[in-house]
Amino acid sequence: MAKELTTRAADYSQWYNDLVIKGGLADHSAVRGCMVIKPYGYALWENMQRQLDKMFKDTGHENAYFPLLIPKSLFEAEEKNAEGFAKECAIVTHYRLKTDPDNKGKLMVDPDAKLEEELIIRPTSEAVIWNTYKGWIQSYRDLPLLINQWANVMRWEMRTRLFLRTAEFLWQEGHTAHATKEEAVEEAEKMLGVYADFVEEYMAVPVIRGVKTASERFAGAEDTYCIEAMMQDGKALQAGTSHFLGQNFARAFDVQFLTKENKQEYVWATSWGVSTRLIGALIMAHSDDEGLIIPPKIAPIQVVIIPIYKGEESKAVIDGKVNEIIAELKALGVSVKYDNNDNNRPGWKFAEYELKGVPVRIAMGLRDMENKVVEVARRDTKEKQSMSMDGLAANIVALLADIQQNIYNKAKAFQTTHITNADSWDEFVKLLDEKGGFISAHWDGTAETEEAIKEKTKATIRCIPLNNKPEDGKCILSGNSSGQRVLFARAY
RNA sequence: CGGGGCGUAGCGUAGCCCGGUUAUCGCGCCUGGUUUGGGACCAGGAGGUCGCAAGUUCGAAUCUUGCCGCCCCGACCA
């Protein structure tokens with residue numbers, strides 16, 4: 001890599017960009033703040049998508065699709081939500097171009113084709129979805145309504161970063177309607193659990209489950225639950241959110257239902273989402289200076305096989321044996337790539353697949369064939385070992401599981417050593433500047449103090465952990481009494 | 001949106017301050033050959049609106065102005 005893993009912001013950004021681009025995941029695009037996701041990156045997203053989708057369906061949700069464009073009048077219906085997103089909307093104002101009479105070969109916006117009402121390119125779909133739900137919900141029998149959408153959204157962010165904050169990004173957004181408050185809160189918490197399970201089990205990134213403070217809440221929500229992950233430079237990243245929306249959207253879009261008792265009531269709502277930002281989290285949590293490290297459970301390629309041969313004849317012999325191995329691996333559900341491309345030499349391939357983060361590499365030459373072994377290298381530790389061809393596939397499956405666990409353990413150890421208690425202001429500031437990570441500290445619960453801390457240190461309250469234990473203490477800034485610690489960090 | 005940097009072949013770049021033959025080098029690409037256990041070597045070859053536009057000049061990659069785009073830092077960000 002061009003730059004080494006470091007915590008200096010500019011160098012870390014360079015390191016991160018190199019990983020994304022050289023790892024073959026994505027490119028910068030010529031369109032402001034957008035990116036091109038390359039086939040390898042998209043395959044990774046598809047694997048994540050497939051697993052998440054399964055988990056959503058296992059919890060009773062169905063997929064649907066809603067429009068990209070939202071009429072301004074709909075968008076502004078829920079005031080807080082509209083206000084929260086107003087600053088970062090792209091807006092469609094015209095529907096036609098025409099040739100420019102003053103500029104040959106160029107096109108201009110046709111002033112006669114101005115829309116009467118502007119259309120907002122969705123930054124999130126609550127408005128258009130709740131406007132639709134109004135027509136779908138009449139009775140308690142229509143509830144709960146549990147729907148998810150896979151879509152792209154656009155937010156005109158001032159500053160963009162590959163995968164972490166692009167102007168256009170891919171995500172899923174779940175939008176549910178319930179008859180009771182309790183059921184909606186339960187749904188929001190349940191989906192947060194689904195996210196946490198996915199990110200920890202499949203992406204091997206440990207997370208803190210928590211709830212946001214009022215000032216960090218989603219625009220239009222009553223409560224925002226989140227999972228927070230720790231990156232290798234000591235900054236936190238919000239990896240997913242789940243919101244209890246109360247009856248805010250139901251009131252804004254007049255979504256009422258008749259109860260068993262024949263009473264009109266507003267429904268209770270949730271929304272929840274994760275995006276391609278998860279790929280950014282994956283990269284920054286695991287990768288090293290040699291390139292990406294992708295956990296086996298979501299890796300587009302789990303095993304790459306590289307033949308080492310001299311001349312066409314030996315290549316044919318090795319091809320034959322490798323095809324047997326591939327068949328055995330595939331039978332056990334392992335995704336394999338055999339790179340017998342003659343254009344690149346083995347050393348080049350070794351480096352290439354390390355950059356791409358392929359978990360296991362098998363190399364086989366004539367020497368190995370004679371001894372009935374292969375050379376197996378694991379990406380996470382870079383260890384190499386000789387493995388017998390007898391029972392190879394089963395051993396590879398076991399190795400993949402071991403790698404998955406090891407990647408998680410390493411990230412977990414990093415997270416654990418980067419949650420530090422601070423009991424005084426000086427300690428708090430020193431930790432932020434010298435160590436980073438999550439800092440567990442007492443806070444008096446006021447928005448003023450939270451804002452003041454952010455102002456002084458750029459650290460925000462990432463969350464109040466769900467499993468928090470009550471503990472008496474004094475706020476690190478104001479000195480007022482506090483009943484529990486909260487997690488602070490500088491964040492992406 | 002403020003500050004900084006950059007834009008020259010597919011990628012990375014030299015040249016620019018101080019204007020002057022045919023625009024430099026590396027990687028990649030094409031052809032042939034030798035190679036292949038950690039990013040091979042030799043020989044030959046192809047590839048350029050120097051981001052766009054206007055201006056200054058006998059002459060502009062180089063100077064001036066405007067515009068466009070990208071990256072980094074900050075502000076902003078559920």
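Here are a few things to note about the model shown:
- Some residue of the stretch A:234-243 being polar (S, T, N, Q), under 30 Å from residue A:194 (Cβ atoms) and in a loop (DSSP other than H, G, I, E, B): no
- Pairs where the first residue, in the stretch A:185-206, is among the basic types (Lys, Arg) and the second is part of a helix (DSSP H, G or I), C-beta under 8 Å, 6+ apart: none
- The one condition in (1) touching an Asp or Glu at 6+ places or on another chain (Cβ under 9 Å); (2) touching a residue at least 60 places away in the same chain (Cβ under 8 Å); (3) near RNA strand B (Cβ under 10 Å from one of its atoms) that residue A:123 fails to fulfil: (2)
- Residues of the stretch A:69-91 that are in a strand (DSSP E or B), of a type in the set (A, V, I, L, M, F, W, C) and crowded, with 16+ Cβ neighbours inside 10 Å: A:70 alone.
- When A:41, A:23, A:60 are checked against the criterion of being more than 26 Å from residue A:299 (Cα to Cα) and at pLDDT 90 or above, a single residue qualifies: A:60.
- Residue A:398 within 21 Å of the chain's Cα centre (by Cα) and surrounded by fewer than 14 Cβ atoms within 10 Å (Cβ to Cβ): no
- Looking only at the stretch A:93-117, and only at residues there that are surrounded by 13 or more Cβ atoms within 10 Å (Cβ to Cβ) and modelled with pLDDT of 85 or more, the one that is farthest from residue A:169 (Cα to Cα): A:110
- Residues that are among the hydrophobic types (A, V, I, L, M, F, W, C), within 10 Å of RNA strand B (Cβ to nearest atom) and either under 21 Å from residue A:359 (Cβ atoms) or crowded, with 19+ Cβ neighbours inside 10 Å (or both) within the stretch A:196-238 comprise A:218, A:221, A:226, listed in sequence order.
- Filter result for residue A:397 (over 27 Å from residue A:297 (Cα atoms), in a helix (DSSP H, G or I) and not small (Gly, Ala, Ser)): no
- Some residue of the stretch A:48-68 being surrounded by 15 or more Cβ atoms within 10 Å (Cβ to Cβ), part of a loop (DSSP other than H, G, I, E, B) and within 15 Å of RNA strand B (Cβ to nearest atom): yes
- Output for the stretch A:401-449, where each listed residue is part of a helix (DSSP H, G or I), of a type in the set (A, V, I, L, M, F, W, C) and surrounded by 13 or more Cβ atoms within 10 Å (Cβ to Cβ): A:403, A:407, A:411, A:414, A:425, A:428, A:429, A:431, A:432
- Within the stretch A:331-369, tally of residues that are near RNA strand B (Cβ under 8 Å from one of its atoms), hydrophobic (A, V, I, L, M, F, W, C) and out of contact with any Gly (no Cβ under 9 Å at 6 or more places or on another chain): 6
- The residues of the stretch A:370-394 that are assigned to a helix (DSSP H, G or I), within 15 Å of RNA strand B (Cβ to nearest atom) and either modelled with pLDDT under 95 or surrounded by fewer than 18 Cβ atoms within 10 Å (Cβ to Cβ) (or both), listed by number, are A:370, A:371.
Matching residues to (1) over 19 Å from the mean Cα position of the chain (by Cα); (2) farther than 11 Å from residue A:358 by Cα; (3) within 13 Å of RNA strand B (Cβ to nearest atom); (4) modelled with pLDDT of 95 or more:
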{"site": "A:295", "(1), (2), (3), (4)": "no, no, no, yes"}
{"site": "A:303", "(1), (2), (3), (4)": "yes, no, no, yes"}
{"site": "A:310", "(1), (2), (3), (4)": "yes, yes, yes, no"}
{"site": "A:324", "(1), (2), (3), (4)": "yes, yes, no, yes"}
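- Inside the stretch A:135-174, residues that are under 15 Å from residue A:269 (Cα atoms), more than 10 Å from RNA strand B (Cβ to nearest atom) and buried (at least 17 other Cβ atoms within 10 Å of the Cβ) make up a count of 9.
- When residues of the stretch A:180-214 are limited to those that are in contact with a Ser or Thr (Cβ under 6 Å, 6 or more places away or on another chain) and in a helix (DSSP H, G or I), the one farthest from residue A:402 (Cα to Cα): A:184
- For the condition under 26 Å from residue A:464 (Cβ atoms) and outside any loop (DSSP other than H, G, I, E, B), residue A:250 does not qualify.
- Scanning the stretch A:428-450 for residues that are free of Cβ contacts under 8 Å to residues at least 12 places away in the same chain and over 18 Å from residue A:236 (Cα atoms) gives a single hit, A:448.
- Members of the stretch A:1-45 that are among the charged types (D, E, K, R), more than 7 Å from RNA strand B (Cβ to nearest atom) and touching a residue at least 60 places away in the same chain (Cβ under 8 Å): A:4
The values are calculated or read from the model by the stated rules, or taken from the named source; none is laboratory data. All values derive from a computational prediction rather than experimental measurement. Here Cβ is always computed from backbone atoms with ideal geometry, including for glycine, and neighbour counts include all displayed protein chains.
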